[in-house]
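Can you read through this structure? Questions will come right after.
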Amino acid sequence: MKLAFRWYGEDDKVTLENIRQIPGMQSIVTAVYDVPVGQVWSRESIGRLKELVEKNGLGFDVIESIPVHEDIKLGNPSRDEYIENYCENIRRVAEAGIKCICYNFMPVFDWTRTQLDHVLPDGSTTLVYYQEQIDKVDPLESKSDMTLPGWDSSYTRDELKDIVKEYNKLTEEQLWDNLKYFLKRIIPVAAECNVNMAIHEDDPCWSIFGLPRIITNEKNLDRFLSLVDDVHNGITLCTGSLGCSKKNDVVKMAAKYAAMGRIHFAHIRNVAVLDNGFEERAHLSSCGSLDMYEIIRALHDNGFNGYIRPDHGRMIWGETGRAGYGLYDRALGAAYLNGLWEAVEKS
Ligand code: DNO
């Protein structure tokens, strides 16, 4: 495994100087944030990131994410232009040495939680998803000011309404067709550039607000991988996204897709699955519903050699900052992953 850590660029409170001090840290996971979704990233911005990361002795290896424009997901006529831009971004980051690109194909809403600062019994705060809170939100209700964490705040309420309405006409099968259309065009470029594409599962792994979501379970991941059967068409195994549904056997999926050589990136975190949703917890197995040891063992024993990062952390020790992406709990997560990996390797 190659241990990595997400860094949000020069505005991130968590600095590269902090990150490089985490034992075993090899690579940074980052992105260009100064360009609207769908546009081409400048070589200057990419070069600046690379320079900063490398100056700190870390590898500039993984991009998370190059976001996919909604017109591509919707199959609108302008998609060809956005796909062309996407291919150009793959070429440009590859030129800078990037080996792996994480992205997702979730309509409109990326990861969704109902609260970012739920207090756990030990006084730490965490991200949670409670179904009864989601049920109170109607993204089409313009009188409501309610937004949920994780939503793209660049949309105005009216724009959000329009785009959700567009998706209401789209079936799951059409979303699959649009994904296939996209992959058929980007994967040959990724192959030529020797970059691994790694789709992130939908988080949570079920439909929200009636919008289709398809990267959700083993059957659908099988289908996804067969759309373009090329090693460059792979996945980001996100244990928290898949693991928030009891129907997903994350250990089995880790073993199966690692053995196929199709897991290029892993997001490792634990969740406590509840009857009405889930809570993000510390990485340790006993803190949540997932068996982290078995997940790491499944990856290890099946030849996983991709990038792995601790995923969301709680806020602990009075830290404030970007929800899920503070330093301390993620660093504890990294130390735990190192420990699990070493133990599995030596046993
Ligand atoms: C949340 C992240 C996601 C992820 C994207 C990948 O914390 O795991 O936002 O970066 O879904 O495109």
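On the given criteria, is Gly288 buried (at least 17 other Cβ atoms within 10 Å of the Cβ), at pLDDT 95 or above and in contact with a Phe, Trp or Tyr (Cβ under 8 Å, 6 or more places away or on another chain)?
Working: buried (at least 17 other Cβ atoms within 10 Å of the Cβ): yes; at pLDDT 95 or above: yes; in contact with a Phe, Trp or Tyr (Cβ under 8 Å, 6 or more places away or on another chain): no.
It is false that Gly288 is buried (at least 17 other Cβ atoms within 10 Å of the Cβ), at pLDDT 95 or above and in contact with a Phe, Trp or Tyr (Cβ under 8 Å, 6 or more places away or on another chain).
Any residue in segment 17-27 that is in a helix (DSSP H, G or I) and under 30 Å from Asn168 (Cα atoms)? Walk me through it before giving the result.
Kept after step one, since they are in a helix (DSSP H, G or I), are these residues of segment 17-27: 17-19.
Restricting the remaining residues to those that are under 30 Å from Asn168 (Cα atoms) gives none.
No, segment 17-27 contains no residue that is in a helix (DSSP H, G or I) and under 30 Å from Asn168 (Cα atoms).
Just to be sure before I move on: is Leu299 away from the ligand (no atom under 14 Å from the Cβ), assigned to a loop (DSSP other than H, G, I, E, B), buried (at least 24 other Cβ atoms within 10 Å of the Cβ) and not charged (D, E, K, R) in the structure I sent? Step through it out loud before you land on a result.
Numbers: away from the ligand (no atom under 14 Å from the Cβ): yes; assigned to a loop (DSSP other than H, G, I, E, B): no; buried (at least 24 other Cβ atoms within 10 Å of the Cβ): yes; not charged (D, E, K, R): yes.
For Leu299, the condition - away from the ligand (no atom under 14 Å from the Cβ), assigned to a loop (DSSP other than H, G, I, E, B), buried (at least 24 other Cβ atoms within 10 Å of the Cβ) and not charged (D, E, K, R) - is not met.
I'm trying to understand the selection: among the residues of segment 170-211, which are farther than 23 Å from Asn85 by Cα, surrounded by fewer than 17 Cβ atoms within 10 Å (Cβ to Cβ) and out of contact with any Ser or Thr (no Cβ under 9 Å at 6 or more places or on another chain)?
Thr171, Glu173, Gly210
In addition: Please indicate, with yes or no, whether at least one residue in segment 313-324 is out of contact with any Lys or Arg (no Cβ under 7 Å at 6 or more places or on another chain), more than 25 Å from Gln131 (Cβ to Cβ), surrounded by fewer than 24 Cβ atoms within 10 Å (Cβ to Cβ) and small (Gly, Ala, Ser).
Yes, because at least one residue in segment 313-324 is out of contact with any Lys or Arg (no Cβ under 7 Å at 6 or more places or on another chain), more than 25 Å from Gln131 (Cβ to Cβ), surrounded by fewer than 24 Cβ atoms within 10 Å (Cβ to Cβ) and small (Gly, Ala, Ser).
Okay, next question. Enumerate the pairs (first residue in segment 306-325 and more than 10 Å from the ligand (Cβ to nearest atom); second residue anywhere and part of a loop (DSSP other than H, G, I, E, B)) with beta-carbon separation below 6 Å, excluding pairs fewer than 6 apart on the same chain, so at least 6 apart or on different chains.
Ile308/Met1; Gly313/Gly326; Arg314/Ser124; Met315/Gly326; Ile316/Ser124; Glu319/Gly326; Gly321/Lys13
Where the second residue is among the polar types (S, T, N, Q) and outside any loop (DSSP other than H, G, I, E, B) and the first is touching a residue at least 12 places away in the same chain (Cβ under 8 Å) and farther than 10 Å from Ile101 by Cβ and lies in segment 50-68, which pairs have Cβ atoms under 9 Å and are six or more apart or on separate chains?
Listed pairs, sorted by first residue: Val53/Ser27; Val53/Thr30; Leu58/Ser27; Gly59/Ser27; Phe60/Ser27; Phe60/Thr30; Asp61/Ser27.
For segment 8-52, give me the residue count where each residue is among the small types (Gly, Ala, Ser) and surrounded by 18 or more Cβ atoms within 10 Å (Cβ to Cβ).
Just the residues of segment 8-52 that are among the small types (Gly, Ala, Ser), to begin with: 9, 24, 27, 31, 38, 42, 45, 47.
From what is left, the residues that are surrounded by 18 or more Cβ atoms within 10 Å (Cβ to Cβ) are 27, 31, 38.
Summing the residues that are among the small types (Gly, Ala, Ser) and surrounded by 18 or more Cβ atoms within 10 Å (Cβ to Cβ) in segment 8-52 gives 3.
Which pairs do you get when a residue that is under 14 Å from Gly277 (Cα atoms), found in segment 128-152, comes within reach of a residue that is at pLDDT below 65, reach meaning Cβ atoms under 8 angstrom, with the pair 6+ apart or on two chains?
Qualifying pairs under 8 Å: none.
Identify, please: which residue in segment 2-16 is assigned to a loop (DSSP other than H, G, I, E, B) and under 16 Å from the mean Cα position of the chain (by Cα) and is, among those, nearest to Glu70 (Cα to Cα)? Can you show your working first?
Step one: list which residues in segment 2-16 are assigned to a loop (DSSP other than H, G, I, E, B), which gives 7-15.
Checking which are under 16 Å from the mean Cα position of the chain (by Cα) leaves us with 7-8.
Details: Trp7: 25, Tyr8: 22 Å.
If we take residues in segment 2-16 being assigned to a loop (DSSP other than H, G, I, E, B) and under 16 Å from the mean Cα position of the chain (by Cα), then Tyr8 is nearest to Glu70 (Cα to Cα).
Moving on. Considering only residues of segment 193-232 that are of a type in the set (Gly, Ala, Ser) and at pLDDT 95 or above, which is nearest to the ligand (Cβ to nearest atom)? Spell out how you get there, then give the answer.
Here is the first cut: in segment 193-232, the residues of a type in the set (Gly, Ala, Ser) are 198, 207, 210, 226.
Cutting the leftovers down to at pLDDT 95 or above gives us 198, 226.
Numbers: Ala198: 9, Ser226: 21 Å.
Per the stated criteria, the residue is Ala198.
Moving to a separate point now. Just to be sure before I move on: is Ser347 farther than 22 Å from Glu64 by Cβ and either free of Cβ contacts under 8 Å to residues at least 12 places away in the same chain or within 16 Å of the ligand (Cβ to nearest atom) (or both) in the structure I sent? Before the answer, list the steps.
On the way: farther than 22 Å from Glu64 by Cβ: yes; either free of Cβ contacts under 8 Å to residues at least 12 places away in the same chain or within 16 Å of the ligand (Cβ to nearest atom) (or both): yes.
When the stated conditions are applied, Ser347 passes them.
Being part of a loop (DSSP other than H, G, I, E, B) and either modelled with pLDDT of 80 or more or not hydroxyl-bearing (Ser, Thr, Tyr) (or both) is the filter here, so list the residues in segment 148-179 that pass it. First the steps, then the outcome.
Step one: filter segment 148-179 for residues part of a loop (DSSP other than H, G, I, E, B), giving 148-156, 169-171.
Matches in segment 148-179: Leu148, Pro149, Gly150, Trp151, Asp152, Lys169, Leu170, Thr171.
The values are calculated or read from the model by the stated rules, or taken from the named source; none is laboratory data. Small disclaimer: the values here were computed from a predicted structure and weren't measured. Counting neighbours? That spans all protein chains shown, and the Cβs are built from the backbone with ideal geometry, glycine included.
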